[in-house]
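Quick notes on the structure that follows.
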Amino acid sequence: MIIKELRLRNFRNFKNIHITLNPKMNVITGNNGQGKTNLLESLVFLSTTKSHRINDDKKLIMIGEDLANIDCLYNDNIDKRISAVIHQKGKTLLINKNPVQKSSEFVGLLNVILFSPSDINIFNEAPRERRKVINLEITKVSKKYIDSLNKYHKLLKERNLALKRENIDNIYLNILENQLIDNQIIIINERNNFIKIINENINKYFKKLINDDLKINIEYQSCIKINDELKMKKDLKDMYINNFEKDKYNQLTNYGVHKDDILFKINDLNVNDFASQGQRRLVVMAFKLSLKDYIIKKTGKIPILLLDDVLSELDVNKQTNLLNCIDDNIQTIITTSVLSNSLKIINKELNIQTIESGNIIKNKEVIK
Ligand SMILES: Nc1ncnc2c1ncn2[C@@H]1O[C@H](COP(=O)(O)OP(=O)(O)OP(=O)(O)O)[C@@H](O)[C@H]1O
Ligand SMILES: [Mg+2]
């Protein structure tokens with residue numbers, strides 16, 4: 001998958017820009033506060049229909065304007081155009097200029113993986129944030145997962161409401177629980193498969209990045225043990241039965257996939273407890289590189305890598321290691337305030353463009 005052109009109108013600090021990208025490595029330079037992250041954010045928005053930085057879409061509209069427009073021409077065997085119009089009352093998503101009814105039809109069409117300095121927080125944030133990461137990635141490749149997750153959260157709300165009633169209707173509760181169980185089986189299996197695929201390569205990438213013998217892996221902390229379907233169904237049913245009194249007392253469902261977590265381990269120890277800052281950065285990068293393989297495996301399509309200011313956090317050797325982990329057939333957009341030495345020595349063709357106050361001021365300078 002290759003982005004050919006991106007046009008932004010009234011998006012953040014971009015009044016109207018048109019940027020062309022090359023199929024391999026693109027570098028966006030610029031001083032602080034010029035719009036580098038904003039540009040990548042527009043691509044994340046097209047990929048996921050959300051910003052990675054804020055929940056309120058309206059803040060993406062240039063201050064003083066009514067609507068923002070992101071428009072992208074990309075190639076995925078054939079040329080396709082996708083756009084998003086963000087307005088005061090919501091957003092309209094378009095594929096080849098035709099509005100889509102459900103955002104699930106749009107998510108993942110353009111598949112990007114963002115590397116951002118704040119990714120390092122994944123280790124010490126609440127489990128909810130880690131679940132968000134897994135959900136987002138699986139959602140991009142599996143409609144079945146989106147569907148089950150939406151149904152699960154709707155049913156969970158209904159069960160919590162039912163638990164609040166003075167006279168609890170056990171027959172109704174039982175029907176809800178059976179549906180909750182069916183959806184959880186799909187969610188658990190997809191999450192387990194995700195973890196498995198990530199673990200196939202994460203260690204290989206980590207070794208390439210750090211040149212060290214440390215071992216990393218991730219573990220799925222599920223509400224029940226992974227097993228065959230019948231056994232898992234029984235365990236989930238038991239979970240509702242055994243926790244009924246507690247659920248009734250709290251008037252909410254205490255257990256289930258909405259409490260799942262993933263654990264990052266380095267030499268079998270929790271990354272959050274033992275890894276240094278630098279090691280954390282590299283663990284997260286190895287995770288992102290493995291995500292690329294997950295997407296390729298699940299969709300047969302090569303995602304686009306977005307590296308937002310991550311080089312400056314690494315020493316030159318590690319920067320070079322990271323850049324060497326990126327195959328030539330993967331389109332990459334790197335933002336940086338300083339053109340670091342690693343970019344000059346990796347011997348890859350670079351398309352360098354500079355952003356100044358929301359304008360592209362230098363286009364298509366190629367160095368090799
Ligand atoms: N809705 C908006 N309307 C107008 N300008 C905005 C809007 N939202 C953010 N900005 C401006 O965008 C700029 C920040 O852009 P961005 O975060 O992309 O910077 P950056 O180039 O990534 O900088 P850094 O190197 O510090 O990360 C700020 O100047 C901010 O005022
Ligand atoms: Mg930035």
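The values are calculated or read from the model by the stated rules, or taken from the named source; none is laboratory data. Everything numeric here is computed off the predicted structure, so don't read it as measured data. Virtual Cβ from ideal backbone geometry, glycine too; neighbours counted across all protein chains shown.
Report yes if some residue within the stretch 36-47 is out of contact with any Cys (no Cβ under 9 Å at 6 or more places or on another chain), in a strand (DSSP E or B) and closer than 19 Å to residue 114 by Cα; otherwise report no.
Here is the first cut: in the stretch 36-47, the ones out of contact with any Cys (no Cβ under 9 Å at 6 or more places or on another chain) are 36-41, 44-45, 47.
Keeping just the survivors that are in a strand (DSSP E or B) gives none.
Looking for residues that are out of contact with any Cys (no Cβ under 9 Å at 6 or more places or on another chain), in a strand (DSSP E or B) and closer than 19 Å to residue 114 by Cα, one finds none in the stretch 36-47, hence no.
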Restricting attention to the stretch 96-118, does a residue exist that is without any contact (Cβ under 8 Å) to a residue 24 or more places away in the chain and not assigned by TED's automatic domain parsing to the domain that holds residue 306? yes
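Take residue 191 and decide whether it is under 30 Å from residue 265 (Cα atoms), in a helix (DSSP H, G or I) and not aromatic (Phe, Trp, Tyr).
Numbers: under 30 Å from residue 265 (Cα atoms): yes; in a helix (DSSP H, G or I): yes; not aromatic (Phe, Trp, Tyr): yes.
Spelling it out, residue 191 is indeed under 30 Å from residue 265 (Cα atoms), in a helix (DSSP H, G or I) and not aromatic (Phe, Trp, Tyr).
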Matching entry among 344, 288, 259, 292 (being touching a residue at least 40 places away in the same chain (Cβ under 8 Å), surrounded by fewer than 18 Cβ atoms within 10 Å (Cβ to Cβ), of a type in the set (Lys, Arg) and away from ligand 2 (no atom under 16 Å from the Cβ)): 259
Which ones in the stretch 189-242 are in contact (Cβ under 8 Å) with a residue 12 or more places away in the chain, over 26 Å from the mean Cα position of the chain (by Cα) and more than 18 Å from residue 179 (Cα to Cα)? 211
Working carefully through the options 83, 42, find the one that is more than 13 Å from ligand 1 (Cβ to nearest atom), under 22 Å from residue 333 (Cβ atoms) and at pLDDT 95 or above. 83
So for the stretch 54-71 (the condition being surrounded by fewer than 13 Cβ atoms within 10 Å (Cβ to Cβ), in the same structural domain as residue 332 (by TED's automatic domain parsing), within 16 Å of ligand 1 (Cβ to nearest atom) and among the small types (Gly, Ala, Ser)), does at least one residue qualify? yes
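Is at least one residue of the stretch 135-142 surrounded by fewer than 17 Cβ atoms within 10 Å (Cβ to Cβ) and more than 30 Å from residue 249 (Cα to Cα)?
yes
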So how many residues does the stretch 262-285 have that are surrounded by fewer than 21 Cβ atoms within 10 Å (Cβ to Cβ) and part of a loop (DSSP other than H, G, I, E, B)? 3
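Just to be sure, is residue 16 within 9 Å of ligand 1 (Cβ to nearest atom) and either among the polar types (S, T, N, Q) or not in a strand (DSSP E or B) (or both)? First the steps, then the outcome.
On the way: within 9 Å of ligand 1 (Cβ to nearest atom): no; either among the polar types (S, T, N, Q) or not in a strand (DSSP E or B) (or both): yes.
The answer is no for residue 16.
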Do you know which residues across the stretch 115-148 are over 18 Å from residue 194 (Cα atoms) and out of contact with any Phe, Trp or Tyr (no Cβ under 9 Å at 6 or more places or on another chain)? 115, 116, 117, 118, 120, 121, 124, 125, 126
I'd like the full set of residues that are acidic (Asp, Glu), out of contact with any His (no Cβ under 7 Å at 6 or more places or on another chain) and farther than 12 Å from residue 11 by Cβ, limited to the stretch 53-78. 56, 76
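To keep it simple, each residue is scored yes or no on (1) at pLDDT 95 or above; (2) among the hydrophobic types (A, V, I, L, M, F, W, C).
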{"position": "279", "(1), (2)": "no, no"}
{"position": "287", "(1), (2)": "yes, yes"}
{"position": "307", "(1), (2)": "yes, yes"}
{"position": "311", "(1), (2)": "no, yes"}
{"position": "317", "(1), (2)": "no, no"}
{"position": "329", "(1), (2)": "no, no"}
{"position": "333", "(1), (2)": "yes, yes"}
{"position": "338", "(1), (2)": "no, yes"}
{"position": "344", "(1), (2)": "no, no"}
Scanning the stretch 309-320 residue by residue, those more than 16 Å from ligand 1 (Cβ to nearest atom), out of contact with any helix residue (DSSP H, G or I) (no Cβ under 8 Å at 6 or more places or on another chain) and either touching a residue at least 12 places away in the same chain (Cβ under 8 Å) or assigned to a helix (DSSP H, G or I) (or both) turn out to be 317
Against the definition (over 17 Å from the mean Cα position of the chain (by Cα), in a helix (DSSP H, G or I) and without any contact (Cβ under 8 Å) to a residue 12 or more places away in the chain), how does residue 181 come out, yes or no? no
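Quick test for you: out of 291, 306, 323, pick the one residue that is under 22 Å from residue 113 (Cα atoms), assigned to a helix (DSSP H, G or I) and assigned by TED's automatic domain parsing to the domain that holds residue 20. Steps first, answer last, please.
Values: 291 fails: assigned by TED's automatic domain parsing to the domain that holds residue 20; 306 fails: assigned to a helix (DSSP H, G or I).
None of the others qualify; the one that does is 323.
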Which residue pairs have Cβ atoms closer than 7 Å, lie 6 or more positions apart in sequence or on different chains, and pair a first residue in the stretch 59-73 that is of a type in the set (Asp, Glu) with a second residue that is part of a strand (DSSP E or B) and buried (at least 17 other Cβ atoms within 10 Å of the Cβ)? 65/10; 71/7; 71/83
